[in-house]
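First comes the structure, then the notes that go with it.
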């Protein structure tokens with residue numbers, strides 16, 4: 001299976017505070033890979049480095065088969081193969097259609113293709129009936145579905161999800177989890193998911209990396225990590241004792 005991300009000795013500091021020190025991480029194509037850990041463990045920083053939105057201070061970073069040089073021309077080509085949804089997704093002023101079409105218009109796709117992809121993406125997320133609705137008046141769960149549809153419309157090889165269900169009700173959260181699974185299976189989209197909810201990680205991810213104080217302290221198949229964690233900090237986290 002193709003390895004899409006390789007990270008070696010990746011560090012990031014803000015002032016004197018080091019927030020990330022990831023010695024080694026590989027993420028393979030077609031998987032749902034979870035970055036698990038308590039708040040402040042470095043998950044979002046690691047995700048943003050992989051998404052080429054935050055520069056690492058030291059270390060080697062390979063993304064989609066390329067050694068990252070941080071040159072603008074390289075960044076544009078790589079970023080256009082990836083998409084991100086955050087826990088509080090921003091909606092542009094205008095309709096749901098306008099929001100979902102935004103990335104396609106930026107890529108100068110033909111109008112017919114834009115129309116087709118927007119409708120397909122919204123239909124997949126159960127939001128086609130909202131296509132003409134003003135996007136900023138949606139509920140929290142509806143907003144997250146539209147944000148995922150917007151990301152999906154550009155057909156990314158990699159979809160980054162940063163706590164996509166943390167601000168919505170449990171019913172909408174479980175519904176979005178089903179859509180995440182479906183996107184992974186139907187489009188073979190590699191998904192990198194951040195959560196501090198170990199139940200969600202267990203439901204969704206084939207592979208999990210456990211972060212603690214900026215370090216990846218344990219990683220491997222999700223089932224193995226939950227049934228036989230090797231690091232005592234992972235065991236405490238799973239038991240809710242951290």
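Quick one: would you say residue 63 is under 29 Å from residue 177 (Cβ atoms), in contact with a helix residue (DSSP H, G or I) (Cβ under 6 Å, 6 or more places away or on another chain) and not assigned by TED's automatic domain parsing to the domain that holds residue 134? Yes; evaluated as a whole, the condition is true for this residue.
Scanning the range 197-233 for residues that are crowded, with 19+ Cβ neighbours inside 10 Å and either assigned to a loop (DSSP other than H, G, I, E, B) or in the same structural domain as residue 148 (by TED's automatic domain parsing) (or both) gives 205, 214, 229. Residues that are over 27 Å from residue 215 (Cα atoms) number at least 3 in the following helices (runs of 4 or more DSSP H) confined to the range 37-152: 72-79, 96-106, 111-124.
Yes/no per residue for (1) surrounded by fewer than 20 Cβ atoms within 10 Å (Cβ to Cβ); (2) not assigned by TED's automatic domain parsing to the domain that holds residue 197:
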| residue | (1), (2) |
| --- | --- |
| 132 | yes, yes |
| 140 | yes, yes |
| 145 | no, yes |
| 149 | no, yes |
| 164 | no, no |
| 174 | yes, no |
| 177 | yes, no |
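Filtering the range 222-242 to residues that are under 18 Å from the mean Cα position of the chain (by Cα) and over 30 Å from residue 154 (Cβ atoms) leaves nothing.
If you filter the range 153-162 down to residues that are touching a strand residue (DSSP E or B) at 6+ places or on another chain (Cβ under 8 Å) and in a loop (DSSP other than H, G, I, E, B), you find that the one that is surrounded by the fewest Cβ atoms within 10 Å (Cβ to Cβ) is 157.
For the range 125-157, the set of residues classified as over 18 Å from the mean Cα position of the chain (by Cα) and closer than 24 Å to residue 190 by Cβ consists of 126, 127, listed by residue number.
The values are calculated or read from the model by the stated rules, or taken from the named source; none is laboratory data. The structure presented is a predicted model; accordingly, all values stated were derived computationally and were not measured. Here the Cβ is made from the backbone with ideal geometry for all residues, glycine too, and neighbour counts use every protein chain on show.
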